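Below: one structure, written as structure tokens.
The values are calculated or read from the model by the stated rules, or taken from the named source; none is laboratory data. Everything numeric here is computed off the predicted structure, so don't read it as measured data. Cβ coordinates were reconstructed from backbone atoms using ideal geometry, including for glycine residues, and neighbour counts include every protein chain displayed. What goes into the accessible areas is simple: the full protein's heavy atoms, side chains included, and nothing from ligands, DNA or RNA. Shrake-Rupley method; radii C 1.70, N 1.55, O 1.52, S 1.80 Å.
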Amino acid sequence: MGLDVRTIMVMFAMLAFMFFCLFELAGLRVGRIRGVRQWAVANLCIGLGFSLSYFFGRTTPGHDWAVVIGVTLIATGACLQLTGIQAFKEQPTHWRLVMLFIGVILCQSIWFNVVHPDFHIRAIVNSFFFFFIYAVCARVLLVKTEASLRVSYWFTGVSFAFMAMVMLARGVIITQSPDQSIGLHVNTAINTMPFIIGCLVQFCIAFGLLLMLNHRLIADVYQMASRDALTGTLNRRRIEEDALRLRARCMRTGETLAIMMIDIDFFKTINDRYGHPAGDKVLCSLAEIAKNSIRPDDYFARYGGEEFCMLLTATTEKEAFELAERLRLAFAEFTLTLGKDRINVTVSIGVADSNDIGLVFEDLVTAADQALYRAKQKGRNQVITYSSMRANDTL
């Protein structure tokens, strides 16, 4: 081929430096998300590695050691891409194994490049080593994950897998090639093609990592927009969205949907007497007790002020009443310390289900609110169901 390997190295190095700047700038803006800085340093190492291989030609003094350092830097960059992915996914990183891998790369590079020069064996060993690290990167990403990240994970994982296959194919082909066709600056297809393909795939990998970061940011923004800032529960907007989805599910499956409306008794008095920070502690305490009491498939949200809403899937009004009683008793037994004072706070709860009301969320809220208001009228600190309230009104 007419392509010069050293020119391709310059292109590869410039591409890596560009991605280093891109990830470094991204890291400054999203410091809370782990792994981004490691991707930046990974591209810096890759860029430096290829730069050394370019500037130190075969006739340049120190060429052999420049190649050793260059290969080690590129291997370090590949490992940092892996550790960055693990950090991004909040998985543990086995740094000792990573350092061992880099150490093996360094030792074999010194042996086959300085002590006992053998470009043929060095190229084979490097190809298989890089195949291994890229295959591990692909394995970490090609897993089941949440829908919002699935596309970016799989795109990046497939890119790593393709790079691994290129390295494996290179190693296998080199084993069948004559020694004179192998060398860092030899312009043969076996040398130029992996570099060209590597440039393209590295671009895809960097794009995939940025796509992962973008999807994570979107998910985080959605999470912030759907959560109550004080209690960490769902907010009103989010539970209304979930209610629409649950309505479609219940219409399809025939399941019953139950609802609780929970209100803290004498909350205004607590705020007036102890201050708003004390009221915030009461709200957070109720949220914590409720989150520990419900099932994973249930939905709990702060509906407004001191009022909370709970949606219970595949649950009848009677079953919801039993859960509401346990929640009421748990909160009544909880003692909150406010300075020198220790207070007990109670809640009133209204319960309804779709068997009596239907699956329209607004109708369920209205029915549960009416039952909640009746609980307040009857002295607070109790649970009232909509069906029992309506039966008493009929009598």
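Just to check I understand the Karplus step: with θ = phi - 60° and J = 6.51 cos²θ - 1.76 cosθ + 1.60, what whole-Hz values come out for segment 369-376, glycine and proline as x?
Rounded to whole hertz, the list is 5, 5, 5, 4, 4, 5, 4, 5.
Considering only protein heavy atoms, what per residue accessible area in square angstrom results for the chain with a 1.4 angstrom probe?
On the way: 19370 Å² over 395 residues.
That works out to 49 Å² per residue.
Under a GNM of the chain (C-alpha, springs under 10 Å), which listed residue has the highest mean-square fluctuation: G208, G254, G339?
Taking springs between Cα atoms under 10 Å, the residue moving most is G339.
Gaussian network model of the chain, Cα springs within a sub-10 Å range: biggest mean-square fluctuation belongs to which of M212, M251, M18?
M251
Taking every pair of alpha-carbon atoms in segment 129-176, what share in percent sits in each 5 Å bin, from 0 to the bin with the longest distance?
Reading the bins upward from 0: 5, 26, 24, 17, 12, 8, 5, 2, 1.
Taking only Cα atoms and a 10 Å spring cutoff, compute GNM fluctuations for the chain and point out the largest among W39, W95, W154.
Among W39, W95, W154, the largest mean-square fluctuation in the Gaussian network model of the chain belongs to W95.
Remind me, relative contact order of the chain in percent, using alpha carbon pairs under 8 angstrom and six or more residues apart?
Values: 586 pairs, mean separation 46.3, N = 395.
The value is 12 percent.
Got a sec? What order do R37, R32, R216 fall in by accessible area at 1.4 Å, biggest, i.e. largest, first?
On the way: R37 110, R32 175, R216 40 Å².
From most accessible down to least: R32, R37, R216.
Take the chain, mark every one of the GluC sites (Glu not before Pro) that falls in a DSSP loop and has at most 11 other Cβ within 10 Å, then report the longest stretch left between them, sites excluded.
Working: sites that count: E90, E146.
My reading of the result: 147-395 is the longest stretch.
Of V151, S285, I121, which is farthest along the charge dipole of the chain in the positive direction, counting Lys and Arg as +1 and Asp and Glu as -1 at C-beta?
Highest projection toward the positive end goes to I121.
Note down the magnitude of the dipole of the chain about its Cα centre, charges +1 on Lys and Arg C-beta and -1 on Asp and Glu C-beta and zero elsewhere, to the nearest 20 debye.
Numbers: 38 positive and 34 negative charges, 134 e Å.
It comes to approximately 640 debye.
Using θ = phi - 60° and the Karplus relation 6.51 cos²θ - 1.76 cosθ + 1.60, list the HN-Hα couplings for segment 86-92 in order, rounded to whole Hz, with x at every Gly or Pro.
Karplus-based 3J(HN,Hα) across segment 86-92 equals 5, 5, 4, 8, 6, 9, x Hz.
Please get the size of the charge dipole for segment 17-166, origin at its Cα centre, with Cβ charges of +1 on Lys and Arg and -1 on Asp and Glu, quoted in debye to the nearest 20.
Numbers: 11 positive and 5 negative charges, 88 e Å.
Dipole about the Cα centre, nearest 20: 420 debye.
At 10 °C and 1.306 mPa s, grab the translational diffusion coefficient of segment 113-153 from Stokes-Einstein with a Kirkwood Rh over Cα pairs, rounded to a whole number in µm² per second. Please list the in-between numbers first.
On the way: Rh = 12.7 Å.
The diffusion coefficient I find is 125 µm²/s.
With the cut-off at 26 Å, tell me which of the pairs K318/K376; K89/K281; K281/K318; K281/K340; K268/K378; K340/K378 have Cα atoms farther apart than that. Write out the running numbers ahead of the final one.
On the way: K318/K376 20 Å; K89/K281 32 Å; K281/K318 31 Å; K281/K340 15 Å; K268/K378 19 Å; K340/K378 32 Å.
K89/K281; K281/K318; K340/K378, as the Cα separations exceed 26 Å there.
Amide H neighbours of R227 under 5 Å, at least 5 residues apart or on other chains, H built in the peptide plane: list them.
For R227, whose amide H was placed from the backbone, the distant partners under 5 Å are N235.
Over all pairs of distinct alpha carbons, what does the Kirkwood formula give as the hydrodynamic radius of segment 330-372, in Å? Spell out each step's value before the answer.
Working: mean 1/r = 0.0798 Å⁻¹.
One over the average 1/r among Cα pairs gives 12.5 Å for segment 330-372.
List every residue whose amide H lies under 5 Å from the amide H of V347, counting only residues 5 or more places away in sequence or on a different chain, with H placed 1.01 Å from N in the peptide plane.
Under 5 Å from the amide H of V347 lie the amide H atoms of D265, N381, each far enough along the sequence or on another chain.
Once fully extended, how much extra length lies between Q377 and L244, figured as 0.36 nm per residue of separation less the alpha-carbon to alpha-carbon distance?
44.8 nm
Could you state the principal axis extents of the C-alpha atoms in segment 282-395, from the largest down, to the nearest angstrom?
Per principal axis, max minus min of the Cα coordinates gives 47, 34, 23 Å.
Per residue of the chain, what 222 nm ellipticity follows from adding -39500 (n - 2.57) for every DSSP H run with n ≥ 4, rounded to the nearest 500? Write down the numbers at each step before the final one.
Details: 14 runs with 267 residues, N = 395.
The per-residue figure over the chain is -23000 deg cm²/dmol.
What percentage of the solvent-accessible surface of the chain, computed with a 1.4 Å probe over protein heavy atoms, is contributed by carbon and sulfur atoms? Write down the numbers at each step before the final one.
On the way: 12050 of 19370 Å².
That share works out to 62 percent.
Using the Karplus curve 6.51 cos²θ - 1.76 cosθ + 1.60 with θ = phi - 60°, work out ³J(HN,Hα) for each residue of segment 136-152 in order, rounded to whole Hz, and write x for Gly and Pro.
Here the 3J(HN,Hα) series is 5, 4, 5, 5, 5, 8, 7, 9, 5, 8, 5, 4, 5, 10, 4, 4, 5 Hz.
Given 5 Å bins starting at zero, what is the percent of C-alpha pairs of segment 81-159 in each, up to the one with the largest pair distance?
3, 14, 20, 19, 14, 12, 9, 6, 3, 1, 0
With no solvent and one equal point scatterer placed on each C-alpha of the chain, evaluate the Debye formula and give log10 I(q)/I(0) for q = 0.14 Å⁻¹, two decimals.
Normalising to I(0) and taking log10 leaves -1.08.
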